[in-house]
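Report on the following structure.
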Amino acid sequence: MSRCLTERRLVHLQAGLGNPGEQAHVDACPACAGRLDALTRDLDVLTRVLARGPQPHIRPAPSFRHWIPAAAGAGALALAALLWVEVAVWRAATYVPPSMRPEEASAMLTEVSLALFSLRGYTPAPAQAAEEAADEDTNICDGADWLVTAGCTPAQLAHAGLASPPGEEPR
Amino acid sequence: MDTAQGYENAVDSHRGRLRRLCGLLLGDSQEAEEVVQEVFVKALESERRQGPPNDWGPWLTRIAVNTCRDRRRAGWWQRFRRWSDQVEQVAIVDRGLTPEDEAISSETRGRVWQAFRTLPDRQREVFVLRHLEDWSGPEIAAALGLSPGTVKRHLFRAVHRMRVVLGDAR
């Protein structure tokens with residue numbers, strides 16, 4: 001008896017591509033006959049499956065870890081969109097009246113801070129105090145009659161047109 | 001029989017077979033239908049240039065196999081397959097289910113199709129033509145332009161790989 005056929009020879013024989021000697025061996029060898037039967041059964045299953053066509057696939061539900069990058073990306077996009085709206089849209093669309101320049105606001109806030117938190121009482125800056133004193137000196141006798149203080153000299157009152165100069169009759 | 005009549009007869013007699021063949025090679029029935037249309041257009045153009053073939057069957061089969069191979073090798077086909085693997089597909093061959101068919105588990109069918117799709121083009125073509133189209137070795141060799149020895153080699157490798165998968169599924 002010749003040696004048993006290899007799987008390759010059996011495949012060829014099953015496909016009708018063998019030779020008469022191989023067929024004769026299979027007819028005489030129960031082991032090879034059994035292997036050929038098994039091969040035929042397997043091919044029957046394979047052809048049945050393939051002839052039915054591809055089976056329907058069910059789309060698997062994506063696992064939670066697949067959502068993490070998507071959620072992180074969506075969050076980053078939302079944050080970027082908010083920042084863009086704040087910077088580019090909101091500020092451009094909002095009207096800020098030019099009531100106070102930045103340096104004026106800064107000076108005012110400084111004065112308020114000094115007034116609120118000074119331990120020894122608030123005193124205006126020297127330059128400002130002198131300016132205010134000058135304003136008082138020039139304006140104290142310069143207003144309407146009912147505002148004129150008793151400290152005004154006749155000359156000052158005359159200068160303001162509120163009294164006659166010395167030596168003249170009062171109006 | 002005039003040329004037009006021969007072409008129309010060939011379309012009628014080979015359309016179903018080519019649709020099934022292309023469906024197996026491509027794994028998608030809709031794509032197979034498009035390829036079959038393309039095959040008949042190519043066949044008509046070729047027939048007008050060179051005249052009708054001696055045997056329509058192998059000639060149309062050769063065109064269909066080459067067209068399917070061109071589709072699979074195109075870049076967009078790979079992308080399409082990845083997505084279409086997820087969607088429901090219709091059976092290519094409409095035949096009643098036998099008890100033997102019902103006995104094949106869903107897992108086995110999935111494994112077989114997965115293995116079949118991973119076969120190289122030539123192995124897949126030879127396997128389909130031999131075991132599903134029931135062509136002989138010399139006919140396959142003539143249709144694909146291969147030597148008989150090459151056909152036997154591709155056939156053995158395809159059967160071996162498919163059987164390995166089948167053994168794992170048991």
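Structure summary
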quantity	calculated
Residue count for the stretch B:143-170, restricted to those that are part of a helix (DSSP H, G or I), open to solvent by 20 Å² or more (accessible area, probe 1.4 Å), at pLDDT 85 or above and of a type outside the set (S, T, N, Q)	11
Single condition B:ARG20 does not satisfy, out of (1) assigned to a helix (DSSP H, G or I); (2) more than 14 Å from every other protein chain (Cβ to nearest Cβ)	(2)
Residue within the stretch B:105-120 that is modelled with pLDDT under 80 and more than 7 Å from chain A (Cβ to nearest Cβ) present	yes
Members of the stretch B:100-117 found to be touching a residue at least 40 places away in the same chain (Cβ under 8 Å) and either open to solvent by 60 Å² or more (accessible area, probe 1.4 Å) or in contact with an Asp or Glu (Cβ under 9 Å, 6 or more places away or on another chain) (or both), listed by number	B:GLU107, B:ARG111, B:GLN114, B:ARG117
Checklist (1) closer than 18 Å to B:ARG20 by Cβ; (2) at pLDDT below 90; (3) open to solvent by 20 Å² or more (accessible area, probe 1.4 Å); (4) at the interface with another protein chain (Cβ under 10 Å from one of its Cβ atoms) applied to B:GLU139, failing item	(4)
Scope the stretch A:26-56; condition within 12 Å of another protein chain (Cβ to nearest Cβ) and not in a helix (DSSP H, G or I); matching residues	A:GLY53, A:PRO54, A:GLN55, A:PRO56
Within the stretch A:26-52, considering residues that are among the small types (Gly, Ala, Ser) and open to solvent by 50 Å² or more (accessible area, probe 1.4 Å), the one nearest to B:HIS160 (Cα to Cα)	A:ALA31
Single residue of the stretch B:121-136 satisfying the filter (within 9 Å of chain A (Cβ to nearest Cβ) and closer than 19 Å to A:ASP42 by Cα) that is surrounded by the fewest Cβ atoms within 10 Å (Cβ to Cβ)	B:LEU132
Of all residues in the stretch A:7-25 being within 11 Å of chain B (Cβ to nearest Cβ) and surrounded by fewer than 15 Cβ atoms within 10 Å (Cβ to Cβ), the one that is farthest from the chain's Cα centre (by Cα)	A:GLY16
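The values are calculated or read from the model by the stated rules, or taken from the named source; none is laboratory data. On a predicted model such as this, the values are computed, not experimentally measured, just so you know. All Cβ positions, even for glycine, are placed from backbone atoms using ideal geometry, and neighbour counts span all protein chains on display. The protein model used for the area step is the full one, side chains on, heavy atoms only, and it has no ligands, DNA or RNA in it. Shrake-Rupley method; radii C 1.70, N 1.55, O 1.52, S 1.80 Å.
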